[in-house]
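Just so it is clear, none of the values below were taken in a lab; they were calculated from the coordinates. Keep in mind it's a predicted model, so treat the numbers as computed, not measured. Every residue, glycine as well, gets a Cβ built from its backbone with ideal geometry; the counts of neighbours run over all protein chains shown.
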């Protein structure tokens, strides 16, 4: 129980609260901020669970980005608002800020091997993130007209 | 019909959308739909800092307007209002004067006062410090650093200019120096958590998410532009954080 609390619930809670703060900076008014915060928590939970299942963390970032993408698209359709705001804020915990920091640190310390591998890893992480987020939008854009036509 | 006013209306909508941080395809699509609703056949071209709209009047007279978009932040509330207005005008095109008045009213959409923005920065950095494994005091220190960085972003424009590279170097350096000082005087313990937590407000999240979306939407040029922005900002962050770390080794 304690492990679940510190390992899963607390990080997701911190991610949500941090993203609520960032939503204010982006001038998201009203309920939108809470939606972003919840999306961030959800995305991080997906990331943690995927890592737990033994997948690599780049793949985990990809999956988490897809989860956030689907969530933001659904919310945007419900509230009839552009999806981009929710997506940007909810993806924030996954953006490799720590990767950039460690890359720089290894560079300053002169650890060339570690520097290069962290740099490439950070690139991969960021690429997985943006491909994942983009994939949901593209797939939904391609599928939705067909689904609507089939439904009516 | 007054085509000059109509063109201005379209450009105004496009400019507002761009300044609120919308993707390029959304800007082009919205302006096109708006002008088509008024019975014109517009040509629109947009890249991240320029918007060109051209229409031909039924008499065969071409009119073009170009608008340069300055460096801007993100304003989701404005984006949503613009989207709503565009949708409404497309559904039933109001007379041009009334539409212009509606467009004017977009300027005074709800904005948070600056203390709420500062609070937002503090919340982001503080909770990200916890997120990256800091303790309670690290959270407090990171919130202080966040306040300093937020102050730089909100009020420091006269000092840093609008060059995004230089801005980010200064902001990252401020964050890292303050984090180092706070750890040295014993307020925080976990230097990494504080610094990374504070850096998260400078991370190019917006450009990163938009870059791929633009490329996939077919705006390769804008996508590459944003990708370059991501690399530039990330390098600037690393440079800014490196300055105090290098100095710290000798002090």
**Asked** Helix B:96-105 versus the longest principal axis of chain B: what angle, 0 to 90°, nearest 10, using Cα atoms?
**Response** 10
**Message:** Please list, in order, the residues from segment B:40-61 whose amide nitrogen is less than 20 Å from a point placed 7 Å along the Cα→Cβ vector of residue B:98.
**Reply:** B:40
**Request:** For each of A:5, B:18, count neighbouring Cβ atoms within 10 Å of the residue's Cβ, then give the residues from fewest to most.
**Result:** A:5, B:18
**Asked** For labels at residue A:142 and residue B:232 in the simple 7 Å Cα→Cβ model, what's the distance in nm?
**Response** 3.3
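Normalised by the residues of chain B, what does the relative contact order come to in percent, with Cα pairs under 8 Å and at least six apart? Intermediate values should be presented prior to the final figure.
Details: 372 pairs, mean separation 41.9, N = 251.
Worked out over chain B, it gives 17 percent.
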**Sorted by Cβ neighbour density within 10 Å, fewest at the top, the residues B:155, A:106, A:101** = B:155, A:106, A:101
**Message:** Let's test the formula: R0 of 22 Å, r as the Cβ-Cβ distance of residue A:127 and residue B:71. What FRET efficiency results, to the nearest 0.05?
**Reply:** 0.30
**Prompt:** P(r) for the protein assembly as shown: what percent of alpha-carbon pairs falls in each 10 Å bin, starting at zero?
**Reply:** 5, 21, 31, 24, 12, 5, 1, 0
**Asked** Using the 10 angstrom Cβ neighbour count as an exposure proxy, how do B:24, A:68, B:220, B:215 rank, fewest first?
**Response** B:220, B:215, B:24, A:68
**Request:** Could you work out, for segment B:41-165, what percent of all Cα-Cα pairs fall into each 10 Å distance bin, beginning at 0 Å and stopping at the bin that holds the largest distance?
**Result:** 10, 23, 29, 19, 12, 5, 1, 0
**Cα-derived Rg to Rh of chain B, Kirkwood definition** = 1.09
**Request:** Calculate, in nm to one decimal, what residue A:120 and residue A:108 gain on full extension: separation in residues at 0.36 nm each, minus their alpha carbon distance.
**Result:** 2.6 nm
**Asked** Do the sum for the protein assembly as shown: with -39,500 (n - 2.57) for every DSSP H run of n ≥ 4, divided by all residues, what is the mean residue ellipticity at 222 nm, to the nearest 500 deg cm²/dmol?
**Response** -24500 deg cm²/dmol
**Message:** Could you work out how much longer the chain between residue B:87 and residue B:57 gets when fully extended? Use 0.36 nm per residue separation minus the Cα distance between them, nm to one decimal.
**Reply:** 8.5 nm
**Rg followed by Dmax, in Å, when segment A:2-148 is reduced to its Cα trace** = 16.5, 57
